[in-house]
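Novice: Right, I'll just put the structure down here and ask away after.
The values are calculated or read from the model by the stated rules, or taken from the named source; none is laboratory data. Values in this document were obtained by computation on a predicted structure and should not be read as measured data. A quick note on method: Cβ atoms are made from the backbone with ideal geometry, for glycine too, and the neighbour counts reach across all protein chains shown. Note: accessible area is taken over every heavy atom of the protein model, side chains too, but ligands, DNA and RNA are not part of it. Shrake-Rupley method; radii C 1.70, N 1.55, O 1.52, S 1.80 Å.
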Amino acid sequence: VRQLFTSFWNSLLNSDYLAGTLAMTFMGVVRDCATRFAHIAYLWILRRLWVTVRLEEKDAELVLAWLRERSEVHASAQLALYSQCSVEGEHQRVYEYEPEIQVTTRLRPAAKSGRRQWIWITRRESADRNDRRLPGVTVSFFGRNKDLLEDILEAGREVQRRRREKYLQVVQVYDYGKDHGLNWLHPQDKDRKQPGRSISSVVLPRCPYAGVDQAEALLDDVREFLASEMWYTERGIPYRRGYLLHGVPGGGKSSLVMAVASELMLPIYMLQLSSEQMTDDLLNSLLQYGMHDPPTILLLEDVDLLHSAVLHRRGVSDDKDVAESREEGDEAASVDSNPREPRERERERKRRGGRLTLSGLLNALDGPTATTGRVLFMTTNARERLDPALLRSGRIDYEVEFMEAQQEQIERLFARFYQDFRTGAAHRNRAP
């Protein structure tokens with residue numbers, strides 16, 4: 001046995017095939033180790049030299065607003081086109097381009113210091129907890145200095161501010177289908193912009209204690225609120241303010257909100273709470289996600305129409321529960337005669353139960369998770385129909401009542417609309 005083992009061992013040592021196999025195995029191990037080491041070294045160097053920043057919806061819109069005004073964007077291989085009517089000329093349109101999703105744009109802009117830096121911007125989409133698609137941007141650049149990215153964000157805010165000088169930005173809720181539900185529809189996704197208007201275009205009676213127009217007084221109050229954030233923070237008061245505009249239909253309530261938004265260059269987020277798809281969770285999600293950075297204006301129009309559908313008190317709910325229990329007894333007796341009717345009523349009851357409630361509305365406006373820096377405007381034609389919980393101090397801090405036009409108000413309206421006729425007649429009289 002010993003001789004047999006010695007003979008086998010000597011044959012292995014003298015085998016060229018075994019030597020080649022061992023050599024190739026050793027070279028493969030060395031190559032894999034070298035590749036892995038090179039990859040680790042590459043990632044280490046890349047982390048030291050390369051920075052990637054992911055921006056979500058709000059900041060992504062700022063980067064895209066800045067990107068649309070760059071000439072380098074036209075060099076991209078795939079573009080998305082947005083068009084809108086121009087304010088300067090009639091029947092003219094302005095066309096804006098931005099890179100398509102998943103397309104990387106390379107630029108070399110200059111920071112405020114004058115130093116140029118290469119950056120790569122890639123559009124992407126992400127899903128929130130409700131599976132709604134939200135826009136996003138990934139910005140990559142060399143070095144650790146992030147001053148250029150901060151300059152881009154500031155430039156994007158300046159671009160949005162300039163647009164609000166020309167256009168009134170109204171953001172509405174849009175139904176994106178059963179897969180994504182309700183979400184904000186921003187103006188750049190649809191051509192929904194309109195020119196802004198001045199506060200002087202809304203003529204209201206003069207305040208008896210100040211002698212100024214009520215519209216001007218309300219605008220001054222909003223300006224004072226926007227300048228008092230530190231005062232609210234130091235005293236632990238939630239930085240929110242609510243305004244109620246109530247009175248006769250067609251008195252100018254919506255026009256006053258649009259004029260205030262135009263003067264302060266703030267976006268208007270208009271909510272339709274009467275939608276059957278609106279629930280407590282969805283309302284809270286809409287107010288917390290997708291809105292621009294504060295300050296913003298939240299507009300709830302015709303809240304008196306929601307009294308029967310949303311603003312239910314405990315007594316009303318109890319009466320409905322009794323009525324529904326009686327209906328259940330009737331349904332149980334008629335199951336054999338018409339089995340479809342109980343299912344339809346049950347489906348209708350579940351649909352009603354999923355709607356927005358008064359508690360959900362109040363918590364969304366000033367609950368623990370409510371957003372700050374928001375200016376709330378509510379309009380109604382019948383103030384007496386509103387629940388007292390909606391009108392208490394802290395939710396509604398300022399009220400303006402719209403009544404029939406007074407004599408001095410009519411005179412100022414006439415002078416505003418027809419003062420140009422007097423100037424035109426004077427020019428015609430001086431003409432030869």
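Novice: Any idea of the accessible area per residue across the range 32-82, 1.4 Å probe, to the nearest Å²?
Specialist: Result: 67 Å² of accessible area for each residue.
Novice: Please give the solvent-accessible surface of W50 in Å², to the nearest 10, using a probe radius of 1.4 Å with every protein chain present.
Specialist: Taking all protein chains as shown, W50 has close to 60 Å².
Novice: Continuing with the same structure: Taking amide H positions as placed in the peptide plane 1.01 Å from N, state which residues far from L298 in sequence (5 or more) or on other chains have amide H under 5 Å from it.
Specialist: Excluding prolines and chain starts, which carry no amide H, the hits are Y269, V375, L376, F377.
Novice: Enumerate the amide H contacts of E399 below 5 Å, restricted to partners 5 or more residues apart or on another chain; note that Pro and chain-start residues carry no placed amide H.
Specialist: L244
Novice: Return the distance in nm (one decimal) between the two label points of a simple spin-label model at S198 and E69, each offset 7 Å from Cα along Cα→Cβ.
Specialist: Modelled inter-label distance: 2.4 nm.
Novice: Just to be sure I understand the model, the point goes 7 Å from the Cα along the line to the Cβ. What's the resulting R93 to R144 distance in nm?
Specialist: So the label points at R93 and R144 sit 5.0 nm apart.
Novice: How much length is gained on full extension from Y176 to S275, taking 0.36 nm per residue of separation minus their Cα-Cα distance?
Specialist: 34.3 nm
Novice: Binning at 10 angstrom from zero up to the longest distance, how are the C-alpha pair distances of the range 5-59 distributed in percent?
Specialist: Reading the bins upward from 0: 19, 21, 19, 15, 12, 8, 5, 2.
Novice: Using only the Cα atoms of the range 250-300, build the gyration tensor, take square roots of its eigenvalues as a ≥ b ≥ c, and label the shape rounded, prolate or oblate: rounded if a/c is under 1.5, else prolate if a/b is larger than b/c, else oblate.
Specialist: Because a/c hits 1.5 or more and a/b fails to exceed b/c, the range 250-300 counts as oblate.
Novice: While we're here: Under 14 Å from a point placed 7 Å out from the Cα of R164 along the Cα-to-Cβ direction: which residues of the range 50-79 have their backbone N that close?
Specialist: Counting backbone N atoms under 14 Å from the label point, the list is 62.
Novice: Okay, moving on. Under 5 Å between amide hydrogens, which residues at least 5 positions from Y239 or on another chain qualify, with H placed 1.01 Å from N in the peptide plane?
Specialist: Amide H neighbours of Y239: G373.
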